[in-house]
Amino acid sequence: MWSGSWPGSSRSLSDIVSSTAANDTQASALFSAHEKSSTYSSEYASGFSGPAASHLPAPPSPRDEQQCRTGSQRSALTLILASASPRRYQILSLLHLPFLMVPPDISEVMSESRSPDQEVLHLARRKAASLAPRFPGAVLIGSDTLIHLDGGKIGKPKDRDDAREILRRLRGRTHEVITGVVILNEADRHSFGRVEKVRVTMRASTDTEIETYVATGDPLDKAGAYSLQGAGRGLLAGLDGDYLAAVGLPLRAVAEGLRAMGVSVPCDLDRLYRERDFLNWRTFEP
C-alpha cells in the first residue's frame, strides 16, 4: 500500500525546497560543467552512497573509445549508460560496476499512436541503439520515463508555464510513473526490455506552493515537472512501487537484464532495497 509523509510536515514548502534542493543540484552540477563533452566516464562506484560522486568524472580519451570498439579493454569499458541524466547515473552507480555515461543522439518525441508502455520502451531502445555504432562491443542501457494521467502521456515541461500547468493537473490526484529500460548487446544480438509502473499520489498543493517550486527551476528537466528525490518531494503524499524506477531507472530490472547477458552484478539488491539508504528513499513508507 502506498503511504508516506515528509518528516516535519508542518514546515512550509519553501523550507522544504531550500533544504532538499541541494541533493539534486549537486548531482546536476557534476554534468553541467561538461555539457559540451559527448561522453562521461564513471569512477568505479564501490561503496557509492550519497547524492553525488566525490569528483567530476573525466571524459574518456579517443584511445579509450577505440579500445572499447576493438574489445581490448572490454572488461573495463563494456557497460554504457545512454543518458545525460544525473539521476540515472547515480542509480546505476549503486550496482558497483564501472561504466561510461554517454548522452544519446536522439530527439525525444512522443507519438499518439503508441501506448505509454510502448512509448517508454521505444525511446529507451532508440537511446541505447543510437550508441551502437560508436561502441559495437558494449552492453548498452537506455531508459525513459513518462507520466500517465487520464489516458494521456506527460513528459518534460516545455517551459515554466507548462510546468505550472502540469503540476496543477497532478495535484491532489494519483498518477502513474512509467519507466522503460532496454539493454542491448549488439555483438551477441541479445536484448532485454522491461516496463515498471509506480503509482504516485500528490498533495493538494496550493498555487503559491506550486509557484514557489516552479521558481526554483527544478521541474524543467523532469517528467511530470517534479523530482520526487529532490525539492519536489514536498508536493508528494506517497508512492506505491519501486522508488528507483520512479526516479528514472528500475535497478532490479537492469540487474536482471545484465545477468541474462552474462554480466556479473556484485550489488546485494535485497539489502539495498531493504535498507533504502539512498537520497530520500526512506521518507517513503516501504
Tally, over the range 123-157, of residues that are without any contact (Cβ under 8 Å) to a residue 40 or more places away in the chain and either hydroxyl-bearing (Ser, Thr, Tyr) or farther than 28 Å from Val214 by Cα (or both): 2
Failed condition for Pro136, given (1) at pLDDT 95 or above; (2) farther than 19 Å from Ile91 by Cβ: (1)
Boolean, Arg164 is assigned to a strand (DSSP E or B), basic (Lys, Arg), closer than 24 Å to Pro116 by Cα and within 22 Å of the chain's Cα centre (by Cα): no
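Going by the structure shown, is Met110 modelled with pLDDT under 95, outside any helix (DSSP H, G or I) and in contact with a strand residue (DSSP E or B) (Cβ under 7 Å, 6 or more places away or on another chain)? Before you say what the answer is, go through the steps one by one.
Numbers: modelled with pLDDT under 95: yes; outside any helix (DSSP H, G or I): yes; in contact with a strand residue (DSSP E or B) (Cβ under 7 Å, 6 or more places away or on another chain): yes.
Spelling it out, Met110 is indeed modelled with pLDDT under 95, outside any helix (DSSP H, G or I) and in contact with a strand residue (DSSP E or B) (Cβ under 7 Å, 6 or more places away or on another chain).
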Some residue of the range 211-221 being surrounded by fewer than 24 Cβ atoms within 10 Å (Cβ to Cβ), within 16 Å of Thr145 (Cα to Cα) and not hydroxyl-bearing (Ser, Thr, Tyr): yes
Residue within the range 180-190 that is within 21 Å of Leu220 (Cα to Cα), buried (at least 17 other Cβ atoms within 10 Å of the Cβ), of a type in the set (A, V, I, L, M, F, W, C) and touching a residue at least 40 places away in the same chain (Cβ under 8 Å) present: no
Cβ pairs under 8 Å, 6+ apart, first in the range 255-280 and closer than 28 Å to His190 by Cα and touching a residue at least 24 places away in the same chain (Cβ under 8 Å), second crowded, with 16+ Cβ neighbours inside 10 Å and charged (D, E, K, R): Glu256/Arg194; Gly257/Arg194
All positions within the range 138-159 that are more than 21 Å from the chain's Cα centre (by Cα) and either of a type outside the set (Gly, Ala, Ser) or buried (at least 19 other Cβ atoms within 10 Å of the Cβ) (or both): Asp150
Any hit, the range 193-206, residues being over 16 Å from Ala253 (Cα atoms) and in contact with a Cys (Cβ under 8 Å, 6 or more places away or on another chain): no
Flag if Ala204 is in contact (Cβ under 8 Å) with a residue 60 or more places away in the chain, farther than 21 Å from Leu94 by Cβ and not in a helix (DSSP H, G or I): no
Selection within the range 86-124 - out of contact with any Ser or Thr (no Cβ under 8 Å at 6 or more places or on another chain), farther than 20 Å from Glu176 by Cα and of a type in the set (S, T, N, Q): Gln90, Ser107
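The values are calculated or read from the model by the stated rules, or taken from the named source; none is laboratory data. What you see is a predicted model; the values in this text were computed from it and never measured. Ideal geometry is used to build each Cβ from the backbone, glycine not excepted, and the neighbour counts take in all protein chains shown.
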